[in-house]
Amino acid sequence: ETGVTQTPRHLVMGMTNKKSLKCEQHLGHNAMYWYKQSAKKPLELMFVYNFKEQTENNSVPSRFSPECPNSSHLFLHLHTLQPEDSALYLCASSQRRASTDTQYFGPGTRLTVL
Amino acid sequence: AQSVTQPDIHITVSEGASLELRCNYSYGATPYLFWYVQSPGQGLQLLLKYFSGDTLVQGIKGFEAEFKRSQSSFNLRKPSVHWSDAAEYFCAVGPRPPGAGSYQLTFGKGTKLSVIP
């Protein structure tokens, strides 16, 4: 496997469910990111991890809980979501946490909250 | 606050025609500039980026972009569009170090490109 992979690709969940999104990068990068992509809105940065340490939480509700056990894996744990949380969730990685370093994106998980 | 404007939500061109996608930004200083493409069901892929130097930047897949400081613009162009270029295109800006959060990109809302065979 190469690049950035995300599983599952599609997820439908009820508001009371608990689920997790998984991201894995095979690029040897040290920074990983979660983005939310909603229709007709710009891409929103949610969380940033650098060398497994969370360095940014852009006012994301606590029903989203990230986890980064190592530099290659990133999870987004979901709990009691709202219908407005339905979106495409993209994971990305870069060599360093710097805007000069290209971010490589995974294909995303399409989340639908019923 | 920084912002990126892509004024065209949807553009349709014929295959073989030229293409220009517009991007304007509002920023305190000249930022780093990027264009990404997102094909259906895929993540974003970097087409090209501008940091400094020559204001005409060449990217992958035959795309180029020109930085115009006076207009705060970074328009994407391609001389002859192929059907496989149908996708959504995103312009983004990032701060120059040592700006605070010097890695966070601000994205535009995107321009969807349709190509007529």
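Computed from the coordinates by the stated procedures, all read-outs in this text should not be read as laboratory data. The model shown is predicted, which means the values in this text are computed figures rather than measured ones. Using ideal geometry, Cβ is built from the backbone for each residue, glycine included, and neighbour counts are taken over all protein chains shown.
Go through B:Ser84, B:Ser80 for me and flag whichever is of a type in the set (S, T, N, Q), away from every other protein chain (no Cβ under 14 Å) and either in a strand (DSSP E or B) or touching a helix residue (DSSP H, G or I) at 6+ places or on another chain (Cβ under 8 Å) (or both).
B:Ser80 is the lone residue from the list that is of a type in the set (S, T, N, Q), away from every other protein chain (no Cβ under 14 Å) and either in a strand (DSSP E or B) or touching a helix residue (DSSP H, G or I) at 6+ places or on another chain (Cβ under 8 Å) (or both).
Go through (1) touching a residue at least 12 places away in the same chain (Cβ under 8 Å); (2) among the charged types (D, E, K, R); (3) closer than 16 Å to B:Cys23 by Cα; (4) not in a loop (DSSP other than H, G, I, E, B) and name the single condition B:Lys61 misses.
Among (1) touching a residue at least 12 places away in the same chain (Cβ under 8 Å); (2) among the charged types (D, E, K, R); (3) closer than 16 Å to B:Cys23 by Cα; (4) not in a loop (DSSP other than H, G, I, E, B), the lone unmet condition for B:Lys61 is (3).
On the basis of being over 19 Å from A:Pro42 (Cβ atoms), surrounded by 12 or more Cβ atoms within 10 Å (Cβ to Cβ) and either free of Cβ contacts under 8 Å to residues at least 40 places away in the same chain or among the charged types (D, E, K, R) (or both), does B:Val13 make the cut?
For B:Val13, the condition - over 19 Å from A:Pro42 (Cβ atoms), surrounded by 12 or more Cβ atoms within 10 Å (Cβ to Cβ) and either free of Cβ contacts under 8 Å to residues at least 40 places away in the same chain or among the charged types (D, E, K, R) (or both) - is not met.
Looking at (1) in contact with a Lys or Arg (Cβ under 6 Å, 6 or more places away or on another chain); (2) at negative phi, which is the one condition that is false for A:Leu76?
(1)
Can you tell me which residue among A:Ala39, A:Ala98, A:Ala92 is small (Gly, Ala, Ser), in a strand (DSSP E or B) and within 13 Å of another protein chain (Cβ to nearest Cβ)?
None of the others qualify; the one that does is A:Ala92.
Taking the condition closer than 24 Å to B:Arg96 by Cβ and either of a type in the set (S, T, N, Q) or out of contact with any Lys or Arg (no Cβ under 7 Å at 6 or more places or on another chain) (or both), does A:Phe105 pass?
yes
In region B:8-24, how many are within 13 Å of B:Lys112 (Cβ to Cβ) and either small (Gly, Ala, Ser) or more than 14 Å from chain A (Cβ to nearest Cβ) (or both)?
So the count comes out to 5.
Can A:His29 be described as touching a residue at least 12 places away in the same chain (Cβ under 8 Å) and in a loop (DSSP other than H, G, I, E, B)?
The answer is yes for A:His29.
So which residues in region B:8-44 are under 15 Å from the mean Cα position of the chain (by Cα), in a loop (DSSP other than H, G, I, E, B) and not small (Gly, Ala, Ser), if there are any at all?
Of everything in region B:8-44, those that are under 15 Å from the mean Cα position of the chain (by Cα), in a loop (DSSP other than H, G, I, E, B) and not small (Gly, Ala, Ser) turn out to be B:Asp8, B:Ile9, B:Arg22, B:Cys23, B:Pro31.
For the subset of region A:42-62 comprising residues that are free of Cβ contacts under 8 Å to residues at least 40 places away in the same chain and assigned to a loop (DSSP other than H, G, I, E, B), which member is nearest to B:Cys91 (Cα to Cα)?
A:Pro42
Out of the residues in region A:17-44 meeting the condition of being charged (D, E, K, R) and surrounded by 14 or more Cβ atoms within 10 Å (Cβ to Cβ), tell me which one is farthest from A:Thr102 (Cα to Cα).
Per the stated criteria, the residue is A:Lys19.
Which ones in region B:45-58 are at the interface with another protein chain (Cβ under 9 Å from one of its Cβ atoms) and either more than 11 Å from B:Cys91 (Cα to Cα) or part of a loop (DSSP other than H, G, I, E, B) (or both)?
Once the filter is applied, which keeps residues that are at the interface with another protein chain (Cβ under 9 Å from one of its Cβ atoms) and either more than 11 Å from B:Cys91 (Cα to Cα) or part of a loop (DSSP other than H, G, I, E, B) (or both), region B:45-58 yields B:Gln45, B:Phe51.
Of the numbered conditions (1) buried (at least 19 other Cβ atoms within 10 Å of the Cβ); (2) in contact with a strand residue (DSSP E or B) (Cβ under 6 Å, 6 or more places away or on another chain); (3) more than 23 Å from A:Lys40 (Cα to Cα), B:Glu66 satisfies every one except a single condition; which is it?
(1)
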